[in-house]
Amino acid sequence: MEKFRRYKREDGIYHVIARVVSEIQVFQRDKDQEIYLSQMKYYKENKK
């Protein structure tokens with residue numbers, strides 16, 4: 001079976017992975033976490 005060519009868009013987000021070690025604090029401040037989550041929410045709601 002022939003594979004289809006994938007076209008990459010300059011403004012495209014294809015995959016987001018966030019992995020951490022439980023002993024390490026990812027966000028320095030609560031505001032950092034709020035910003036991260038609001039960005040993820042924005043991109044989820046505004047995907048084309």
Would you be able to say whether some residue in the range 26-37 is surrounded by 10 or more Cβ atoms within 10 Å (Cβ to Cβ), acidic (Asp, Glu) and without any contact (Cβ under 8 Å) to a residue 12 or more places away in the chain? yes
Starting from the range 1-23, take each residue that is within 24 Å of Gln39 (Cα to Cα) and list its partners that are surrounded by 10 or more Cβ atoms within 10 Å (Cβ to Cβ), counting only C-beta distances under 7 angstrom and pairs at least six apart or across chains. Ile13/Tyr43; Val20/Val26
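What's the total number of residues in the range 38-48 that are in contact (Cβ under 8 Å) with a residue 12 or more places away in the chain and surrounded by 10 or more Cβ atoms within 10 Å (Cβ to Cβ)?
From the range 38-48, those in contact (Cβ under 8 Å) with a residue 12 or more places away in the chain are 40, 43, 47; that's our starting set.
In the following step, the residues that additionally are surrounded by 10 or more Cβ atoms within 10 Å (Cβ to Cβ) were identified as 40, 43.
Of the residues in that region, 2 qualify.
Every read-out reported here was derived from the displayed coordinates using simple, explicitly stated rules and does not represent laboratory data. Just so it is clear, the model here is predicted, and its values are computed rather than measured. Cβ coordinates were reconstructed from backbone atoms using ideal geometry, including for glycine residues, and neighbour counts include every protein chain displayed.
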